[in-house]
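A.B. asks: Can you keep this structure in mind? I'll have questions shortly.
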2 protein chains.
Amino acid sequence: MIEEDFLKEKTLSFTYIYQGKIINLRQDKVKLPDGRETVREIVEHPGAVVILALTDDNKIVMIRQFRKSADEVLWELPAGKIEPGEDLKNCALRELEEETGYYPRKIKKLITFFSTPGFCNEKLTLFLAEDLEKRSKNEDADEFIEVELIKPNKALKLVEQNIIKDAKTIIGILYLLVN
Amino acid sequence: MIEEDFLKEKTLSFTYIYQGKIINLRQDKVKLPDGRETVREIVEHPGAVVILALTDDNKIVMIRQFRKSADEVLWELPAGKIEPGEDLKNCALRELEEETGYYPRKIKKLITFFSTPGFCNEKLTLFLAEDLEKRSKNEDADEFIEVELIKPNKALKLVEQNIIKDAKTIIGILYLLVN
């Protein structure tokens with residue numbers, strides 16, 4: 001395998017184009033491994049958590065919500081962005097309860113991944129949440145969300161039929177099924 | 001299930017903050033289902049293809065490349081963005097050959113998904129490519145890429161060990177293994 005250093009790009013300078021509510025946009029001027037220079041457009045995101053929550057009768061807690069960027073209602077796993085200074089596990093507990101009303105007695109981290117590293121630094125951490133208690137109605141003030149409980153095999157069908165089309169959600173479902 | 005119309009947001013106006021080489025950044029002023037107004041930050045991307053290419057001895061064609069946004073070398077499936085007017089399948093054939101030197105005699109579309117629909121409209125289409133012919137060295141002029149052939153079970157281990165941490169790549173590998 002080639003050493004990392006022979007593939008790396010060196011940052012020469014950077015400029016912020018936009019600093020927003022959730023994302024920032026940055027341009028990095030970089031030197032390529034062969035010495036040429038180019039510009040990389042980079043979207044900065046604080047990172048997020050995704051929760052694969054399983055009920056005692058082995059159903060996946062899913063949500064349906066409208067996504068402006070997709071311009072449609074998507075099936076997703078509960079998820080949300082990390083608040084400044086927030087611990088990842090606490091973020092997962094908070095988002096799961098806000099979006100679905102469930103609180104897990106057991107929670108563990110599975111994997112972390114980049115959603116789209118070609119132009120964005122967003123990292124998502126997938127948690128497995130079990131032994132759920134329904135604490136409240138889902139009352140996330142800013143979000144219009146419908147909760148659905150789906151059997152894993154049915155969820156796989158929805159992935160294969162391309163009805164579920166959110167990357168983090170597909171990862172959570174397939175990860176459950178290979179394990 | 002709640003009807004889509006009761007979850008939808010209506011666009012009141014939009015403004016472009018940035019129109020770049022690969023991405024644009026837009027702000028949409030929207031009306032929520034309850035009548036309140038908010039602003040959505042949306043990154044526009046032309047969309048991309050991902051190729052799960054299998055050699056005759058059932059190895060996955062993977063690449064290692066530096067990603068500026070992640071600031072590290074990532075293991076990925078070959079992938080690339082769609083050129084204006086380009087057919088998805090032709091894009092997959094072009095990107096696979098440019099990045100790896102392989103050309104498939106068989107190719108088919110599996111699924112399409114949004115990489116991160118909370119703030120971005122990027123859609124990725126996953127193709128399965130088989131019956132590969134090595135046509136050329138990988139000579140993508142703009143990219144510094146190393147090609148590796150990996151057995152599916154080894155790839156799954158790399159996902160579970162969180163060494164593979166690119167979302168589209170995890171989807172391709174897990175999709176292969178559940179089928």
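A.B. asks: To the nearest 0.05, how large is the calculated FRET efficiency for A:LEU177 and A:GLU3 if R₀ is 41 Å and r is the Cβ-Cβ distance?
C.D. replies: 0.70
A.B. asks: On to the next question. Taking accessible area as the heavy-atom solvent-accessible surface of the protein chains with a 1.4 Å probe, which residues of the stretch B:41-63 lose no less than 20 Å² upon going from the isolated chain to the full protein assembly?
C.D. replies: SASA drop of 20 Å² or more in the stretch B:41-63: B:GLU41, B:ILE42, B:VAL43.
A.B. asks: Roughly how large, in nm² to one decimal, is the mean projection of the convex hull of the alpha-carbon atoms in the stretch A:9-68?
C.D. replies: Over all viewing directions, the stretch A:9-68 projects a mean Cα-hull area of 7.3 nm².
A.B. asks: Search the structure for amide H atoms under 5 Å from the amide H of B:GLU72, placed 1.01 Å from N in the peptide plane, and list their residues when 5 or more places away or on another chain.
C.D. replies: Hits under the 5 Å cutoff: B:ARG67.
A.B. asks: Now for a different question. One decimal, nm, shortest first: give the distances between the label point of A:LYS151 and those of the same position in the other copies, each label point 7 Å from Cα along Cα→Cβ.
C.D. replies: 3.4
A.B. asks: May I pose another question? Given the pairs A:LYS59/A:LYS134; A:LYS21/A:LYS134; A:LYS68/B:LYS31, which are separated by over 21 angstrom at their Cα positions?
C.D. replies: Listed pairs above 21 Å: A:LYS21/A:LYS134.
A.B. asks: What list of ³J(HN,Hα) couplings, whole Hz, do you get for the stretch B:17-22 from phi and the Karplus terms 6.51, -1.76, 1.60, once you set θ to phi - 60° and write x for glycine and proline?
C.D. replies: Karplus-based 3J(HN,Hα) across the stretch B:17-22 equals 8, 7, 10, x, 5, 10 Hz.
A.B. asks: Using 0.36 nm times the number of residues separating A:LYS10 and A:GLU86, minus their current alpha carbon distance, what extension gain do you get?
C.D. replies: Between A:LYS10 and A:GLU86, full extension yields 24.3 nm more.
A.B. asks: Keeping all protein chains in place, calculate the accessible area per residue for the stretch B:31-173 (probe 1.4 angstrom), answer in Å².
C.D. replies: 40
A.B. asks: What residue in chain A has the Cβ closest to the axis turning A into B, and how close is it in whole Å?
C.D. replies: Whole-Å result, nearest residue of chain A to the axis: A:LEU174, 2.
A.B. asks: Could you calculate the FRET efficiency of B:GLU72 with A:LYS137 from 1/(1 + (r/R0)^6), where r is the beta carbon distance between them and R0 is 56 Å, rounded to 0.05?
C.D. replies: Approximately 0.85, to the nearest 0.05.
A.B. asks: Another question, then. In whole percent, how big is the carbon plus sulfur part of the accessible area of the protein assembly as shown, probe 1.4 Å, protein atoms only?
C.D. replies: Reported share for carbon and sulfur atoms: 45 percent.
A.B. asks: Please list the three semi-axes, largest first and in whole Å, of the ellipsoid equivalent to the stretch B:95-179, using sqrt of 5 times the eigenvalues of its alpha carbon gyration tensor.
C.D. replies: 22, 17, 15
A.B. asks: I've got another one for you. What percent of all Cα-Cα pairs in the protein assembly as shown falls in each 20 Å bin, counting up from 0?
C.D. replies: Once binned at 20 Å, the Cα pair distances of the protein assembly as shown give 29, 59, 12.
A.B. asks: In Å², nearest 100, what accessible area do chains A and B bury in total when the solvent probe is 1.4 Å?
C.D. replies: So the total buried area for this chain pair works out to about 6500 Å².
A.B. asks: Quick one: angle between helix B:167-178 and the longest Cα principal axis of chain B, in degrees between 0 and 90, rounded to 10, please.
C.D. replies: In chain B, helix B:167-178 runs at an angle near 60 degrees to the longest axis.
The values are calculated or read from the model by the stated rules, or taken from the named source; none is laboratory data. Because the structure is a prediction, the values reported are computed rather than measured. In this analysis, Cβ positions are derived from the backbone assuming ideal geometry, glycine residues included, and neighbour counts consider all displayed protein chains. Ligands, DNA and RNA are excluded from the accessible area calculation, which covers all protein heavy atoms including side chains. Shrake-Rupley method; radii C 1.70, N 1.55, O 1.52, S 1.80 Å.
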